[in-house]
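Asker: Submitted below is the structure of interest, expressed as structure tokens.
Each value in this text was obtained by applying a stated rule to the coordinates, not by laboratory testing. Bear in mind the structure is a predicted one, so any value in this text is a computation, not a measurement. All Cβ positions, glycine included, derive from the backbone under ideal geometry; neighbour counts span all protein chains shown.
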Amino acid sequence: MVESNLRNDKSYELFERAKKILPGGVNSPVRAFKPYPFFVNKAKGSKIYAVNGDFYIDYCMAYGSLILGHSSKEVLNEVKKQLVKGTLYGTPTPLEVDFAEMISKLVPCMEMLRLVNSGTEATMHAIRLARGFTGRKKIIKFEGCFHGSHDYVLVKAGSGATSFGTPDSLGIPEETAQNTIILPYNNIQVLEEAIKNEGDNIAAVIIEPVIGNSGLILPKDDYLNRIRKLTKDYGIILIFDEIITGFRLALGGAQEYYNIKPDMVTLGKILGGGFPIAAFGGRKDIMQYLSPSGKVYQAGTFSGNPISVTAGLYTLQILNKKKDEIYPKLEKICEELRKTLVDLAAGYHIEVQVNNIASMFQIFFSPYPVIDYSSAKLSDTHKFYIYFQELLKHGIFIPPSQFETCFLSIAHSEEDLEKTVNAFDSALHTVSIKDRV
Ligand SMILES: Cc1ncc(COP(=O)(O)O)c(C=O)c1O
């Protein structure tokens with residue numbers, strides 16, 4: 001876009017104002033992209049509408065939160081009914097019991113749980129609880145996994161932390177970072193060694209079973225099984241961070257998909273049907289260490305608020321009712337998109353890798369298979385930027401970083417997909433041309 005057009009765009013004006021009052025002009029780093037992000041005033045189904053009247057087919061879907069699409073009518077109807085009954089009580093509600101029972105029924109390891117407000121809170125408290133339960137200090141996390149933006153886990157973190165070159169944030173005391181052991185993903189030998197050396201000091205292994213925060217990275221065959229066995233042998237709490245994969249890979253998340261039961265799980269995103277809520281939970285003997293039944297403290301004014309709980313409850317009910325239709329259908333579409341991307345890229349002689357699973361996919365501009373953080377970092381982010389911008393010009397919005405993942409929803413129609421394939425074609429064509437000049 002030329003400079004004069006930029007100035008006529010309402011989003012440009014808003015970004016100029018926003019930069020003066022919000023650091024970087026945004027309220028979460030991944031939302032900022034060059035030359036400036038489009039500002040949105042509504043979204044419905046598969047589409048997101050910018051303030052200047054443009055609209056986009058959305059494959060960001062609020063970073064994976066909206067598997068039913070934007071503004072699901074069924075969910076919003078229930079939320080409207082709840083709104084007039086009160087938005088926050090500060091006391092227990094029948095709704096939260098129904099919701100917790102529903103989550104426990106769907107997620108294999110979830111014997112008991114606590115509701116919180118964000119994924120960051122969920123992983124922070126899951127780790128504290130694992131430490132309290134085991135009496136051990138250290139945790140293991142994997143390069144490129146993102147578990148939210150608190151001190152225990154913001155070391156070699158993926159997502160915006162990697163996109164903006166701050167995988168190890170300033171402001172985290174060395175003593176805290178020293179208790180987090182960072183290992184490469186998909187490498188069972190280094191994990192075995194670390195556990196053999198330090199197993200008695202390790203409270204928890206936390207992992208995104210499928211990484212959605214360094215682009216999309218899948219676990220090698222048997223990798224998760226071997227982690228399960230190792231952690232069990234050494235009395236280490238295995239935490240699956242399923243904030244993306246929960247209700248996404250399958251209704252029961254990655255643990256259902258791979259048939260592996262972790263000790264604890266964190267959930268968020270889809271759990272709230274577009275409203276802020278998250279959860280952590282798992283084995284009952286561990287969860288009972290949580291206050292007020294136990295001595296690990298955790299609390300929250302907005303935890304289990306009836307609006308988010310209502311949205312989450314109805315979202316899970318819809319998914320449960322339609323699971324046999326939704327999950328296979330999305331998986332099939334996703335596989336077709338992968339094949340299309342691979343074929344188109346080959347036609348334009350661009351070396352790419354396309355990783356996909358269930359309703360998640362991502363393209364990497366790289367000749368090397370992407371199996372961990374190091375290989376993800378080898379991809380050509382400049383080519384990705386061209387691809388992203390071209391898609392935007394063609395009315396397709398994907399997350400604006402190589403180190404994120406694209407998501408499908410049940411609201412994406414045949415027509416949307418057709419338009420998307422044409423846009424992929426043009427975008428890859430442009431990448432091939434700009435690469436030559
Ligand atoms: C796997 C994973 N864990 C934790 C988080 C943090 O969740 P929140 O942004 O709700 O704090 C995210 C956010 O993207 C995530 O993808």
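Asker: Output the antiparallel fraction of DSSP beta bridges having both residues in the chain, as a percent to the nearest 5.
Answerer: Around 60 percent of the beta bridges assigned by DSSP in the chain are antiparallel ones.
Asker: Let me know the Kirkwood hydrodynamic radius for the chain, please, with Cα pairs as the basis and the value in Å to one decimal.
Answerer: Hydrodynamic radius (Kirkwood, Cα only) of the chain equals 22.4 Å.
Asker: Determine the dipole magnitude for the stretch 83-128: charges of +1 sit on the beta-carbon of Lys and Arg, -1 on that of Asp and Glu, nothing else is charged, the reference point is the Cα centre, and the result goes in debye to the nearest 20.
Answerer: The dipole magnitude comes to about 80 debye.
Asker: Per residue of the chain, what 222 nm ellipticity follows from adding -39500 (n - 2.57) for every DSSP H run with n ≥ 4, rounded to the nearest 500?
Answerer: -13000 deg cm²/dmol
Asker: Another question, if that's okay. Please identify the helices of the chain, taking whole runs of DSSP H, that span at least 30 Å along their own axis as judged from the Cα atoms and have a mean Kyte-Doolittle score of -0.5 or higher. Walk me through the intermediate numbers first.
Answerer: Details: long enough: 306-347 (51 Å, -0.11); 414-436 (34 Å, -0.70).
For the chain, where a helix must reach 30 Å along its axis and average at least -0.5, the hits are 306-347.
Asker: What do you get for Rg/Rh over the stretch 132-225 if you use C-alpha atoms and the Kirkwood form of Rh?
Answerer: Rg/Rh: 0.96.
Asker: Calculate I(q)/I(0) for the stretch 308-408 by the Debye formula, one identical point scatterer on each C-alpha and no solvent, and give its log10 at q = 0.16, 0.17 Å⁻¹ to two decimals.
Answerer: One equal scatterer on each Cα of the stretch 308-408 leads to -0.78, -0.85.
Asker: Could you give the C-alpha radius of gyration of the stretch 92-182 expressed as a fraction of 2.2 N^0.38 Å, taking N as the number of residues it contains?
Answerer: Output field value: 1.27.
Asker: Based on a Kirkwood Rh over C-alpha pairs, give the Stokes-Einstein translational diffusion coefficient of the stretch 1-87 at 4 °C and viscosity 1.567 mPa s in µm²/s.
Answerer: Result for D is 87 µm²/s.
Asker: Over the Cα atoms of the stretch 250-291, each weighted equally, I'd like the Debye log10 I(q)/I(0) at q = 0.23, 0.26 Å⁻¹, rounded to two decimals.
Answerer: Each listed q maps to, in turn, -0.88, -0.97.
Asker: Rounded to the nearest 20 debye, what is the charge dipole size of the chain about its Cα centre when +1 sits on each Lys and Arg Cβ and -1 on each Asp and Glu Cβ? Please list the in-between numbers first.
Answerer: Numbers: 48 positive and 48 negative charges, 187 e Å.
That gives a dipole near 900 debye.
Asker: Let me ask something additional. Kirkwood Rh over Cα pairs of the stretch 40-81 into Stokes-Einstein at 20 °C, 1.002 mPa s: D in µm²/s?
Answerer: In µm²/s, the coefficient is 197.
Asker: At R0 = 35 Å, how high is the FRET efficiency between TYR289 and LEU22 if r is their beta carbon distance? Nearest 0.05 is fine.
Answerer: It comes out at approximately 0.35.
Asker: With only Lys, Arg, Asp and Glu charged, each at its Cβ (+1 for the first two, -1 for the last two), find how big the charge dipole of the stretch 311-360 is about the Cα centre; round to the nearest 20 debye.
Answerer: For this selection, approximately 280 debye.
Asker: Return the Cα extents of the stretch 203-358 along principal axes one, two and three, sorted largest first, each rounded to a whole Å.
Answerer: Dimensions of the stretch 203-358 along the principal axes of its Cα atoms: 61, 40, 26 Å.
Asker: Here's a follow-up. Anything over 27 Å Cα to Cα? Flag those among LYS138/LYS295; LYS105/LYS232; LYS34/LYS323; LYS141/LYS393; LYS47/LYS329, in the order listed.
Answerer: From the list (LYS138/LYS295; LYS105/LYS232; LYS34/LYS323; LYS141/LYS393; LYS47/LYS329), the Cα-Cα distance tops 27 Å for LYS34/LYS323; LYS141/LYS393.
Asker: If you bin every alpha carbon distance in the stretch 73-318 into 10 Å steps from zero, what whole percent lands in each bin?
Answerer: The percentages, shortest bin first, are 8, 33, 36, 18, 4, 0.
Asker: Moving on to the next point. Counting other Cβ atoms within 10 Å, which chymotrypsin sites (Phe, Trp or Tyr not before Pro) in the stretch 289-329 have at most 13 and lie in a DSSP loop? Display every interim value, and only then the final one.
Answerer: Details: sites: TYR289, TYR297, PHE302, TYR314; in loops: TYR289, TYR297, PHE302.
Qualifying residues, ordered by number: TYR297.
Asker: Where both residues lie in the stretch 73-318, what percent of DSSP beta bridges are antiparallel, nearest 5?
Answerer: Of those bridges, close to 40 percent are antiparallel.
Asker: Assuming a ≥ b ≥ c are the square roots of the Cα gyration tensor eigenvalues, decide whether the stretch 38-194 counts as rounded (a/c under 1.5), prolate (otherwise, with a/b larger than b/c) or oblate. Before the final figure, lay out each step's value.
Answerer: Details: a/c = 2.24, a/b = 1.37, b/c = 1.63.
Oblate.
Asker: Please name whichever of HIS394, ILE350, VAL296 sits farthest to the positive end of the charge dipole of the stretch 283-437, dipole taken about the Cα centre and charges placed at Cβ: Lys and Arg +1, Asp and Glu -1.
Answerer: VAL296
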